[in-house]
Amino acid sequence: MMISTRRRLREARNSPKAYAREQIARLRDEQAVVQDMEEVMAQLEQFSRETRARIDNRFAKLEAVIRDADQRIDRLERLLRRAGGENAIEVTVDDTSEDTADGPSMEDDPRRRAIYALADAGRTPVQIAEETGQSIGEIELILALRKAVPAASS
């Protein structure tokens, strides 16, 4: 009886049906791995698209900020030329320009006086920007102009 049981077990192990079952199980495992990998690839692709969209959005915002800064720099340079006594032809592109001849001078502007007072109190441009609600770049430009105006008029 034991011998016949052993033979049956040996035959069952070496039988074509058992081999086929093992191969089918192995193929199912491989298919599951392939499906998992495809899902991971799809998720990575989606993440890549989202990240690219965020970067493009931030890049567009940065370009807009740079254009705005360039416009402000141009406006400040015109003010410096005017404060330095240079005769320059001024062309205004937008109607929101604050640098008209009958407008307040840089020292008469209450926002600038507040910035100057905070700077004189030892605050950094970052701290001044936080307190006044203005951008750090604008604060730095205003403070730089304060230093440059006396040099330009001498």
Problem - Selected residue (only one of Leu62, Leu27 is within 39 Å of the chain's Cα centre (by Cα), surrounded by 10 or more Cβ atoms within 10 Å (Cβ to Cβ), part of a helix (DSSP H, G or I) and not assigned by TED's automatic domain parsing to the domain that holds Ala144) - result: Leu62
Exercise for the section: Residues that are at pLDDT below 75: find the helices (runs of 4 or more DSSP H) completely inside the range 74-154 holding 3 or more of those. Expected result: 136-153
Completion exercise
Output for Cβ contacts, cut-off 8 Å, separation at least six or different chains, first residue over 12 Å from Leu143 (Cβ atoms) in the range 112-132, second acidic (Asp, Glu) and surrounded by fewer than 12 Cβ atoms within 10 Å (Cβ to Cβ), reads Arg113/Glu107
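The values are calculated or read from the model by the stated rules, or taken from the named source; none is laboratory data. Worth saying up front: this structure is predicted, and the values here are computed from it rather than measured. Methodologically, a virtual Cβ is constructed for each residue, glycine included, from the backbone with ideal geometry; neighbour enumeration extends over all protein chains shown.
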